[in-house]
2 protein chains.
Amino acid sequence: MIKDCDWIITQDERRRLLKKTSVLIRDGVIEDINRDLNGGDMIIAGKGKVLMPGLINTHTHISMSLLRGYAEDLPLDRWLKEKVWPIERKLTEKLCYVGALLGCLEMIRTGTTCLVDMYYHAGAIAKAVKKAGLRGFIGQGLIDTVSDDRTSDESLRESFLTAAYKTVKIIQELNDSKIKPIVAPHAPYTCSDELLMKSQVMAEEFDTLIHIHLTETRREQAMFQRNYGYSVVEYLDRIGFLNGKVLAAHCVWLTRRDIELLARRCVKISHCPISNMKLGVGGVSPIPELVESGVLITLGTDGPASNNTLDMFETMKIAALLQKHNRWDPSVINAQQILDMATVNASGSLGLGKIVGRVEKGFEADLILVDIRSPSLQPIHSSDSLIANLVYAAKGLSVDTLLVQGKPLMLKGVFQTLDEEEVYGLVEEALEELDIKPSSNS
Amino acid sequence: MIKDCDWIITQDERRRLLKKTSVLIRDGVIEDINRDLNGGDMIIAGKGKVLMPGLINTHTHISMSLLRGYAEDLPLDRWLKEKVWPIERKLTEKLCYVGALLGCLEMIRTGTTCLVDMYYHAGAIAKAVKKAGLRGFIGQGLIDTVSDDRTSDESLRESFLTAAYKTVKIIQELNDSKIKPIVAPHAPYTCSDELLMKSQVMAEEFDTLIHIHLTETRREQAMFQRNYGYSVVEYLDRIGFLNGKVLAAHCVWLTRRDIELLARRCVKISHCPISNMKLGVGGVSPIPELVESGVLITLGTDGPASNNTLDMFETMKIAALLQKHNRWDPSVINAQQILDMATVNASGSLGLGKIVGRVEKGFEADLILVDIRSPSLQPIHSSDSLIANLVYAAKGLSVDTLLVQGKPLMLKGVFQTLDEEEVYGLVEEALEELDIKPSSNS
């Protein structure tokens, strides 16, 4: 039972806001929402708080938390070649697990209840997500080509596919209804047509999402135009890759025709504004046109090495700022649309549209309480103003309590499933193993 | 005494970072910085914390905290004409005081020790800043024309100038060495030449800064080009307005020649990236060229009605993101440069370059402690990585303790000079007086 919340942001069909209302949770499910309620195992006080759906991060690489602040302010190619790739080669299963624990800690602290992750050693990541108690869609990144003509390296392909099948098995054996495997071909320029289509077969076999990086950089678009005479999206459509199972991250460089194709094929998008800005990819994802065409837009932080947080509140604000800035028009997108992206759109994109993303009877209780007795979140003029405060002024650190399936993972800022200091200790050991030592500069 | 800080970011000439070091403060001044120190009146534990200079916000309108979330997602002209101006006409001295208290609360919570403010009823704002214990440069906004040809309305001019002189007197009578009056002509398009030059005379008389909005919108540039055949900056230079006392906010729309002129006249700039993006002013302040020309760049949040926070950590991050994005180049600006803008550049722009902005012997103790045992701020690979974590991952809410002239205004998240709940109560009364009632939507 979450009692007497100052406000509830339901995100239901009518986007109702409720004042001074309680929520009764039983067996992880919202059983009742009303003013006068009693019962439930545990009472959580909602006074001075806003109750809302937990945020959903649809594109990240949480193990990269270990690399936060490690490579900064470099051009993209030097960032990858001199810093990120060399250290990623040293990442073991154990290190990915530790990085994932740190990422889970940050997501819990900042109001994220569900994530979509693509990385190496994805089985270990799934284990960390289970330990934390979060909801996750987790996949092993797949790569089989590093050449401009996308020639498949067969042994590379087979070893990645083997790891991917192994990951699915590990996740199935976790036997946690909140954790689902996904198939994650890295990107059109790092996967051959064979690998892309084998990913589709695998997704069909296990009935999973397909998660892929798409048109993040102009270079990728130029390469496909030059090699094939088609845009990346057109090319993927011609080989039959695009369908409603695909959740594509970034989608920065799109033509009008690409937008139409993505809409027609029911592809979902994870927009990652902070990473795009920080890496200087140049363009801006054409969100207004995508929305107009009916494409479902969700939000992602990308990995902490290019953000440098997993704070979805921050991503909501910057998503709005970037569109307003890009179109010279503050009205091009509003706070409610942004909040939808991080909640109901995201749950819909993951096939959970009737399960999470709303505070509604029968939905699972993936919920957060935000402390609004805080100087940045006062005053509240109206219900519109409350949404604006949450999107434009709240931070992840404003989150006080977080529940997944009714189970508290954080209560009043105190972690319930993970031991914060223990995780920092593991992270310190991990840095030693990676041979990144704190500087002796003093 | 602040004892055994995990790190100290000195921001001194060599930008040294010190590990496990203490700072001894006496009579508001940093007396010693060393590993083994004893003495001082009060012991503040630095374990798990970074000690750094308090951040300086060089452009804001803190009383507009009352309007946070009140007017959102509208085109600039409708935002001003339908929402902001009508409600601003209702703002009394008392309401500005209450809004300023809320703003002070937010600045203390989020790590700002010093602000530059321009608004109505500036005397009341100065009183709130004094009560809060912050450092402030505060001026009455001046306006005398609303027509495109900038014809001066003499009675308007005289009434504003009278209010400005009154404000200076109020501030002098506060007898607080931390609070200084400034002269604040609103903008070139809202001030006649006479008013601009009378502002200069007034600034000379009281030896103050001049704070002005400059080239925030393309409309302003177009208007000056059309009416006078000069850019705004060229025009201001021709009438003799530009000099080293001028701190200009925004400076979004600048030509190469404008940049040269600003550099030659030693004009200082307050860059406000969040407000610019949120209001969709279009351009991006050409920070790399300004820096190259030697113009001193500082950072401002602008008012909470167009931001919607006073969180300078957020402004640091978005300042970096916007430049990287705008130039398609992550290396165009780095974390250390951004931190400098919010500390040493800002203190320099206010004539406090030898007084605050650094953790250095003989400097006044305007300091903050940031809690780095927090999931978003781990790990710390190196000293560079620490700066990156603070600029790209810390939030105002990561601040644990804040001191101005050695006096704690917040200790471990608890306000020392202001009563948080009392301020929220006053804000609620203020909303009733403004006749903005919380929505009955439910």
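The values are calculated or read from the model by the stated rules, or taken from the named source; none is laboratory data. Since the model is a prediction, treat every value here as computed from it, not as a measurement. Counting neighbours? That spans all protein chains shown, and the Cβs are built from the backbone with ideal geometry, glycine included. The protein model used for the area step is the full one, side chains on, heavy atoms only, and it has no ligands, DNA or RNA in it. Shrake-Rupley method; radii C 1.70, N 1.55, O 1.52, S 1.80 Å.
Sorted from nearest, the other copies put their B:Lys3 label points 4.1 nm away, the label point being 7 Å from Cα in the direction of Cβ. Can you tell me the FRET efficiency between A:Thr162 and A:Ser293 if r is taken as the Cβ-Cβ distance and R0 is 45 Å, rounded to the nearest 0.05? So the FRET efficiency works out to roughly 0.75. Take region B:200-345 with all the other protein chains still there, run a 1.4 Å probe, and you get 29 Å² of accessible area per residue. Taking 7 Å steps out from each Cα toward its Cβ at B:Lys47 and A:Lys94 produces label points 2.8 nm apart. Atom-type composition of the exposed protein surface of chain B places 48 percent of the accessible area on carbon and sulfur (1.4 angstrom probe). Looking at region B:114-175, the accessible area is 39 square angstrom per residue; that uses a 1.4 Å probe and ignores ligands, DNA and RNA.
Axis angle, to the nearest 10 degrees, between helix A:312-327 and the longest C-alpha principal axis of chain A: 70 degrees.
Only helices enter the 222 nm calculation for chain A: every DSSP H run of n ≥ 4 contributes -39,500 (n - 2.57), and dividing by all residues gives -11000 deg cm²/dmol, rounded to 500.
Peptide A:98-109 is shielded by partner chain Cβ atoms: per residue, an average of 2 of them sit within 10 Å of its Cβ.
Greater than 25 Å separation of Cα atoms is the criterion. Which listed pairs, A:Lys47/B:Lys131; B:Lys245/B:Lys278; A:Lys178/A:Lys354; A:Lys90/A:Lys166, meet it? Those over the limit are A:Lys47/B:Lys131; B:Lys245/B:Lys278. The fraction of Cα-Cα pairs per 20 angstrom bin, counted from 0 for the protein assembly as shown, comes to 15, 48, 31, 5, 0 percent, rounded to whole percents. Distance between the modelled labels on A:Arg373 and B:Lys407, one decimal in nanometres: 2.6 nm (7 Å Cα→Cβ projection). Given a 1.4 Å probe and the protein chains as shown, B:Met118 ends up with an accessible area of around 0 Å². On the principal axes of its alpha carbon atoms, region A:277-352 extends 32, 29, 19 Å, with the longest extent given first.
3J(HN,Hα) along region B:193-199: 4, 4, 5, 4, 6, 5, 4 Hz, from the Karplus curve 6.51 cos²θ - 1.76 cosθ + 1.60 with θ = phi - 60°, whole Hz, x for Gly and Pro. Go through A:Thr145, A:Thr190, A:Thr58 and say which Cα lies farthest out towards the positive end of the charge dipole of region A:43-197; charges sit on Cβ, +1 for Lys and Arg, -1 for Asp and Glu. It is A:Thr58, whose Cα lies furthest towards the positive end. Per-residue mean of foreign Cβ neighbours for A:308-317 is 4 (Cβ atoms of other chains, 10 Å radius).
When region A:306-442 is described by a simple charge dipole with +1 on each Lys and Arg Cβ and -1 on each Asp and Glu Cβ, the residue from A:Leu377, A:Leu397, A:Ala365 located farthest towards its positive end is A:Leu377. Compare each residue of region A:44-75 in its chain alone against the assembly with all protein chains, and report those whose accessible area goes down by 50 Å² or more; 1.4 Å probe, heavy atoms. Residues losing area: A:Arg68, A:Asp73. Annotation for A:Glu292, label-to-label distances across the other copies: 3.7 nm (shortest first, one decimal, point 7 Å from Cα along Cα→Cβ).
Taking chain B as a Gaussian network of alpha-carbon nodes connected by springs under 10 Å, the highest mean-square fluctuation of the residues B:Glu204, B:Glu220, B:Glu173 belongs to B:Glu173. Close amide H contacts of A:Val29 (hydrogens built in the peptide plane, cut-off under 5 Å, sequence separation of 5 or more or a different chain): A:Ala365. Of A:Leu310, A:Tyr97, A:Trp79, whose Cα points farthest to the positive end of the dipole of chain A (charges on the beta-carbon: +1 Lys, Arg; -1 Asp, Glu; origin at the Cα centre)? Sorting the options by dipole projection puts first A:Leu310. For chain A, modelled as a GNM whose springs connect Cα atoms under 10 angstrom apart, the maximal fluctuation among A:Ile171, A:Ile269, A:Ile56 occurs at A:Ile171. Computed from the C-beta positions of B:Glu260 and A:Glu82, the FRET efficiency with R₀ = 41 Å rounds to 0.70. Taking A:Asp32, B:Asp435 and ordering them by how much accessible surface each has at a 1.4 Å probe, largest first, produces B:Asp435, A:Asp32. Leaving ligands and nucleic acids aside, the B/A contact buries around 6500 square angstrom of accessible area in total at a 1.4 Å probe radius. Taking a straight line from the alpha carbon of A:Lys49, these lysines sit under 24 Å away, with near neighbours fewer than eight places off in the same chain left out: A:Lys3, A:Lys19, A:Lys20, A:Lys317, A:Lys361, A:Lys395, A:Lys407, A:Lys412, B:Lys395, B:Lys412, B:Lys437. Taken along the Cα-to-beta-carbon direction at a fixed 7 Å, the label points for A:Lys20 and A:Gln416 span 2.7 nm.
Each Lys and Arg Cβ is given +1 and each Asp and Glu Cβ -1; about its Cα centre, the protein assembly as shown then shows a dipole of about 20 debye.
Across every pair of non-identical alpha carbons in chain A, the mean reciprocal distance, once inverted, gives a Kirkwood radius of 22.1 Å. Placing a label point 7 Å from the Cα of B:Glu93 along the Cα-to-Cβ direction, the distances to the matching points in the other copies come to 7.4 nm, shortest first. Inter-chain neighbour count for B:423-429: the average number of beta-carbon atoms from partner chains within 10 Å of each residue's beta-carbon is 2.
Computed with a 1.4 Å probe over protein heavy atoms only, the accessible surface of region B:1-70 comes to 38 Å² per residue. When chain A is turned onto chain B, the axis of that turn runs closest to one Cβ of chain A, and that residue with its distance in whole Å is A:Leu397, 2.
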